[in-house]
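The values are calculated or read from the model by the stated rules, or taken from the named source; none is laboratory data. Since the structure is predicted, the reported quantities are computational estimates derived from the model, not experimental observations. All Cβ positions, even for glycine, are placed from backbone atoms using ideal geometry, and neighbour counts span all protein chains on display. When the accessible area is computed, the model is the full protein with side chains, heavy atoms only, and any ligands, DNA or RNA have been set aside. Shrake-Rupley method; radii C 1.70, N 1.55, O 1.52, S 1.80 Å.
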Protein chains: 2
Amino acid sequence: LNVAVQELTASAGEALSFAELPRPFKLWRGGELPSGVIAYESWGTLNAERSNAILLFTGLSPNSHAASTARNPEEGWWERMIGPGRAIDTDRFFVMCVNSLGSCFGSTGPASINPATGTAWQLDFPELSVEDLARAGFEAARTLGIETLHAVVGPSLGGMVVLAFAACVPNGARHLVSISGSGAASAFAIALRSVQREAVMADAAWQAGRYTPGEGPQGGMRIARKLGTITYRGAAEWRVRFARSGLTPRSERAARQAASRYPSGFGPRFAVEGYLEAQAERFVRVFDPNCYLYLSRAMDCFDLGAHGDPVHVLARSGLKSALVIGVESDFLFAIEEQAEAAQHLQQAGIPTQFARLPSIEGHDAFLVDLPRFDARIRGFLAST
Amino acid sequence: LNVAVQELTASAGEALSFAELPRPFKLWRGGELPSGVIAYESWGTLNAERSNAILLFTGLSPNSHAASTARNPEEGWWERMIGPGRAIDTDRFFVMCVNSLGSCFGSTGPASINPATGTAWQLDFPELSVEDLARAGFEAARTLGIETLHAVVGPSLGGMVVLAFAACVPNGARHLVSISGSGAASAFAIALRSVQREAVMADAAWQAGRYTPGEGPQGGMRIARKLGTITYRGAAEWRVRFARSGLTPRSERAARQAASRYPSGFGPRFAVEGYLEAQAERFVRVFDPNCYLYLSRAMDCFDLGAHGDPVHVLARSGLKSALVIGVESDFLFAIEEQAEAAQHLQQAGIPTQFARLPSIEGHDAFLVDLPRFDARIRGFLAST
């Protein structure tokens with residue numbers, strides 16, 4: 001088990017299942033992992049034909065705990081979307097959420113032990129691609145005897161992964177739901193992520209990736225996460241939510257910690273600053289910096305067009321139908337990108353619904369504006 | 001002369017004029033400067049009545065060199081907007097552009113020498129407000145015998161400063177042009193700036209503000225500027241301009257420098273990353289980090305409402321007319337903020353034009369989409 005899992009074991013680690021990857025697991029841009037595992041959690045029951053499985057991919061930072069389970073009763077990141085009678089109905093489907101390859105919540109990634117050296121991979125981990133996340137997720141499903149998913153579903157990075165899945169695993173899924181994703185990162189998103197990565201690498205504690213686990217570039221990660229939090233939401237929402245309010249009692253503790261780092265009068269004063277601080281503290285405690293760099297760069301480099309004309313690529317996917325959801329206020333994964341993915345699917349002859357949602361919560365709307373997403377996903381899956 | 005001016009003298013410093021501030025110069029939130037200067041440049045001829053002066057305030061980072069002069073023939077930041085027959089017509093107007101109080105291009109700021117100690121003010125500089133920039137600019141004009149400006153004009157931070165001017169200097173100007181400004185920073189803008197400041201302060205070289213001039217937090221400033229550059233433009237423009245292109249010959253040098261800092265494969269690969277790198281390098285060489293922190297925080301804290309009901313405040317300004325310009329794609333100073341400022345001016349009984357421009361260049365459109373801005377400013381000033 002890798003370093004992150006050792007930490008997890010004390011709390012949520014026991015609730016995870018692990019699927020072994022084929023040995024070796026060859027990566028899309030070259031390089032290979034002599035061995036590796038994918039951590040996952042599941043809900044519902046796999047039927048005898050193994051035909052009712054939904055494979056759920058996550059955004060960059062969540063773990064596989066999408067909803068509470070008997071083994072881990074804590075609320076999951078998509079708690080109200082998954083369960084009996086819910087939009088992703090576990091009375092009908094077997095749902096499996098994987099921790100991404102390259103992440104640090106049980107799956108193999110840069111924080112895992114490299115069997116060749118006995119120490120963490122760190123920057124010796126081979127270059128990671130969105131395609132590898134898709135293929136590793138599929139291999140995890142195959143360990144349960146599943147050769148064709150009923151559907152692949154993913155928001156954000158996951159919305160990229162399901163498109164990569166369609167390109168890399170022909171006939172691997174009958175239906176696809178891509179939420180706030182993209183077939184190719186925009187220059188704007190690349191720019192934002194490059195600044196986040198620079199903040200991590202500029203932190204002296206990064207030590208060119210060779211930090212002792214737990215003693216990594218926390219200051220840089222804090223900046224990266226704050227910027228992430230900003231790009232995941234929207235100005236219109238925050239105008240209502242925070243306006244120009246001062247620190248709230250809820251954010252004051254976090255603000256005091258921040259002020260102690262910057263004893264200059266330039267620490268947090270506004271509610272929104274306290275909110276960012278609290279978000280960052282939570283993230284820095286759990287996410288490995290090198291894993292963050294690898295996943296972030298993989299998002300920049302993803303381009304469905306690298307597989308050939310996207311329409312031709314998707315036409316070979318074997319998909320029977322697709323749902324693409326985009327949010328008008330999302331400026332990280334702009335709605336034009338989802339519109340384009342939907343158009344490519346349609347032109348490939350795959351019946352595709354495109355939902356253009358007016359939520360004000362930006363990229364993160366799928367976590368917040370649940371009624372809108374619930375209705376679309378419920379309706380689509382019911383039709384499959 | 002302060003540290004920054006000493007550096008400037010070799011190149012552009014000789015082209016500046018300096019206006020002494022009243023002694024002491026009391027700041028709006030308390031504290032005072034025993035002495036101070038405002039650096040400025042000017043174009044055109046002040047008439048005998050001293051009634052044809054336009055006072056131009058800048059954004060956060062530019063200096064007073066808005067257009068070329070006999071003393072400094074280099075192109076200015078608003079070169080095509082100022083001159084004989086241009087939108088701001090120097091055949092008719094005497095135009096004066098001031099370097100902001102608190103900045104580092106000749107005007108007094110945190111990088112200037114504190115006369116009480118003989119060393120740079122650094123964090124002992126009193127808290128700076130947008131109101132102080134407005135009042136210091138007015139005092140600079142008064143040293144030329146100007147008691148009423150024909151107009152005050154400013155983009156970005158300058159668009160805030162002219163609103164502060166209206167509140168702080170009743171009857172100080174007959175007309176006002178506020179471009180991509182705001183009467184009160186949004187939570188979103190505060191959040192973005194707080195991350196920029198944190199990048200500067202998290203850099204160990206900042207040393208709680210006590211760095212040796214020239215040996216300050218360059219890594220942190222680089223991150224802050226890159227993020228600034230992103231927020232000044234827009235995703236739609238960059239989709240066309242950079243798409244997913246690789247490094248260009250023009251950006252390759254900058255990218256090589258960056259790669260040498262991060263010898264890990266995580267250096268720039270895309271054209272947009274090379275562009276950010278080049279922008280950041282230019283900025284880091286000239287801008288003082290503490291000055292940056294002070295001006296950035298001043299923008300967060302500006303709130304016209306702190307002077308009373310904005311409509312009542314503006315009704316006492318003595319303004320005869322106003323032009324407010326906003327850009328639909330600006331997500332740092334959202335168009336709702338300019339619409340609100342225009343509405344307040346109108347409700348105060350001041351005939352106000354509000355121009356809602358569809359430029360795709362975001363907050364920086366006033367530097368790029370010149371035909372649209374030229375037409376609006378030209379038309380407005382002609383009507384005055």
inquiry  = Suppose we keep only residues that are within 11 Å of chain A (Cβ to nearest Cβ) and among the charged types (D, E, K, R) within segment B:234-265. Which one would you say is nearest to A:Tyr211 (Cα to Cα)?
reply    = B:Arg261
key: Candidates B:Ala167, B:Ala202 - the one that is modelled with pLDDT of 95 or more, under 15 Å from B:Pro310 (Cα atoms) and of a type outside the set (Ser, Thr, Tyr)   = B:Ala167
request  = Return the pairs, sorted by first residue and then second, in which the second residue is among the hydroxyl-bearing types (Ser, Thr, Tyr) and part of a helix (DSSP H, G or I), the first residue lies in segment A:214-229 and is at the interface with chain B (Cβ under 7 Å from one of its Cβ atoms), the beta carbons are less than 9 Å apart, and the residues are 6+ apart or on different chains.
outcome  = A:Lys226/B:Ser194
inquiry  = Suppose we filter segment B:111-128 for residues that are surrounded by 24 or more Cβ atoms within 10 Å (Cβ to Cβ) and under 26 Å from B:Ser42 (Cβ atoms); how many remain?
reply    = 3
inquiry  = Please go through segment A:14-38 and give me each residue that is free of Cβ contacts under 8 Å to residues at least 40 places away in the same chain and either surrounded by 20 or more Cβ atoms within 10 Å (Cβ to Cβ) or part of a loop (DSSP other than H, G, I, E, B) (or both), ordered by number.
reply    = A:Arg23, A:Pro24
ask   = Can you tell me which residues in segment B:204-213 are at the interface with another protein chain (Cβ under 7 Å from one of its Cβ atoms), touching a residue at least 24 places away in the same chain (Cβ under 8 Å) and open to solvent by 10 Å² or more (accessible area, probe 1.4 Å)?
value = B:Ala208
inquiry  = Within segment B:344-356, does at least one residue satisfy the condition of being farther than 24 Å from B:Phe302 by Cβ and within 14 Å of chain A (Cβ to nearest Cβ)?
reply    = no
ask   = Any idea how many residues of segment B:347-384 are within 21 Å of the chain's Cα centre (by Cα), among the small types (Gly, Ala, Ser) and in a loop (DSSP other than H, G, I, E, B)?
value = 1
ask   = Is it fair to say B:Phe366 is under 28 Å from A:Leu227 (Cα atoms) and at pLDDT below 95?
value = no
inquiry  = Would you confirm, using the coordinates I've provided, whether A:Gly83 is open to solvent by less than 10 Å² (accessible area, probe 1.4 Å) and either touching a Pro at 6+ places or on another chain (Cβ under 6 Å) or closer than 28 Å to A:Ala224 by Cβ (or both)?
reply    = no
query = Regarding A:Arg210, is this residue of a type in the set (D, E, K, R) and within 30 Å of A:Ala271 (Cα to Cα)?
reply = no
key: B:Pro268, sole failed condition from (1) at pLDDT below 95; (2) within 11 Å of another protein chain (Cβ to nearest Cβ); (3) open to solvent by 30 Å² or more (accessible area, probe 1.4 Å)   = (3)
key: Evaluation of B:Asn47 against (1) over 24 Å from B:Leu370 (Cβ atoms); (2) within 21 Å of the chain's Cα centre (by Cα) (one fails), failing number   = (2)
task = Find all pairs meeting these conditions: Cβ atoms under 7 angstrom apart; at least six residues apart or on different chains; first residue within segment A:285-314 and at the interface with chain B (Cβ under 10 Å from one of its Cβ atoms) and free of Cβ contacts under 8 Å to residues at least 40 places away in the same chain; second residue open to solvent by less than 30 Å² (accessible area, probe 1.4 Å) and assigned to a loop (DSSP other than H, G, I, E, B).
result = none
key: Of residues in segment B:170-198 being more than 18 Å from the chain's Cα centre (by Cα) and touching a residue at least 60 places away in the same chain (Cβ under 8 Å), the one nearest to the other protein chains (Cβ to nearest Cβ)   = B:Phe188
query = Taking segment B:109-140 on its own, how many of its residues are away from every other protein chain (no Cβ under 14 Å) and touching a Leu at 6+ places or on another chain (Cβ under 6 Å)?
reply = 5
key: Some residue of segment B:39-46 being within 27 Å of B:Tyr294 (Cα to Cα), of a type in the set (D, E, K, R) and not in a loop (DSSP other than H, G, I, E, B)   = yes
